[in-house]
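Asker: Quick one: structure below, then a few questions.
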Amino acid sequence: MPGEQMVLHSHPHWWYFWKQVASGIVIVILAVLVVVTDGGLSTFLQWVTIIAFIVWLLDTLYEFAQWQTTRFAVTDQRVAYQSGFVRRKGVSIPLNRVNNVNSEQGVIARILNNGTLTIESAGETGDSVFENIPDPDRVRSLIFQQMDAYGAARAERDAAAVERAMHAEQGGSDADADESIEDRLAKLDALRQS
């Protein structure tokens, strides 16, 4: 998004293709059976293998296109997810709406370092679930870091706005407006304590 800094951008973990790998192994076994067997069964197995290979190839190409067009991103202002090349869908969650981020990994997912992220947000959709996220614990920590940085930046902007409003109300000079944010915050703190 314009005006935002990209912090993380990734496609789903390569484990996304496990079904294509498993079915490819089955097709290789069928091909070996065709070569080993003789007779009428061999012709039937040849056709089954050829049809299975064509279906597998088309499915693998489709899933690869899906994988290429699926993106998970974290910016300094939001978490975004888009997927699909025929039918696009996307989710964009502003960081100030994120309530919690949970990660989940089964045994195989821990070995392969991928998993599922669930982002709880204050909005109409509630929880958003993102599967096949590479290194979900790191992504979870990164989202929390960005939430903290976003909150600090927002507090700084709010403090500056309050200072400007107070300055304008008290009829301050333009020389006072050149003070740094730290000086303004120190003055606000001194006013609060007095």
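Asker: Decide, for the chain, between rounded, prolate and oblate: order the square roots of the alpha carbon gyration tensor eigenvalues as a ≥ b ≥ c, take rounded if a/c falls under 1.5, and otherwise choose prolate if a/b is larger than b/c, else oblate.
Answerer: Taking the square roots of the gyration eigenvalues as a ≥ b ≥ c, the chain is prolate.
Asker: So if we plug the beta-carbon distance of residue 158 and residue 65 into 1/(1 + (r/R0)^6) with R0 = 30 Å, what FRET efficiency do we get, rounded to 0.05?
Answerer: 0.10
Asker: Before anything else, pin down the relative contact order of the chain: Cα pairs under 8 Å, at least 6 apart, normalised by residue count, whole percent.
Answerer: 17
Asker: So, one more: Checking understanding here: applying a Kyte-Doolittle mean of at least 0.5 and a length along the axis of at least 30 Å (C-alpha), which whole DSSP H helices in the chain pass? Don't skip to the end; give the middle numbers.
Answerer: Values: long enough: 40-68 (42 Å, 0.97); 136-169 (49 Å, -0.54).
Span-like helices in the chain: 40-68.
Asker: Counting only other residues whose beta carbon sits under 14 Å from that of residue 80, what net charge do I get with K and R as +1, D and E as -1?
Answerer: Summing Lys and Arg as +1 and Asp and Glu as -1 gives +3.
Asker: Would you check the accessible area of residue 9, probe 1.4 Å, heavy atoms only, in square angstrom rounded to 10?
Answerer: Estimated to the nearest 10 Å², residue 9 gives 90 Å².
Asker: How long is the gain from residue 165 to residue 129 if the chain were fully straight, where each residue apart is worth 0.36 nm and the alpha carbon distance is subtracted?
Answerer: Contour length minus the Cα-Cα distance gives 8.7 nm.
Asker: Per residue, what accessible area does the chain have, given a 1.4 Å probe and all protein chains present, in Å²?
Answerer: Details: 12740 Å² over 194 residues.
So the chain comes to 66 Å² accessible per residue, rounded to a whole number.
Asker: Would you tally the net charge around residue 70, using a Cβ to Cβ cut-off of less than 11 Å, leaving residue 70 out, and scoring K and R as +1, D and E as -1?
Answerer: Values: positive: 71, 88, 89; negative: 63, 131.
Net charge around residue 70: +1.
Asker: Tally Lys/Arg at +1 and Asp/Glu at -1 over every other residue whose Cβ is under 12 Å from the Cβ of residue 165; what's the total?
Answerer: -1
Asker: Which shape class, rounded, prolate or oblate, goes with the stretch 118-171 when its Cα gyration tensor gives a ≥ b ≥ c as root eigenvalues, a/c under 1.5 marks rounded, and past that a/b bigger than b/c marks prolate?
Answerer: Verdict is oblate for the stretch 118-171.
Asker: How do 95-104, 123-132 rank on mean C-beta neighbours within 10 Å, highest first?
Answerer: Details: 95-104: 15.8, 123-132: 13.8.
Answer by packing, highest mean first, reads 95-104, 123-132.
Asker: In whole percent, and with a 1.4 Å probe on the protein chains, what portion of the accessible area of the chain is carbon and sulfur?
Answerer: Answer for the chain: carbon and sulfur cover 58 percent of the accessible area.
Asker: Please sort 134-145, 59-70 by packing, taking for each peptide the average over its residues of neighbouring beta carbons within 10 angstrom, highest first. Walk me through the numbers on the way to the answer.
Answerer: Values: 134-145: 17.0, 59-70: 14.1.
So the order, starting with the most tightly packed, is 134-145, 59-70.
The values are calculated or read from the model by the stated rules, or taken from the named source; none is laboratory data. Only a predicted model underlies this, so the values are computations on that prediction, with no experimental measurement involved. Virtual Cβ from ideal backbone geometry, glycine too; neighbours counted across all protein chains shown. Remember, those area values only see protein heavy atoms, side chains included, never the ligands or the DNA or RNA. Shrake-Rupley method; radii C 1.70, N 1.55, O 1.52, S 1.80 Å.
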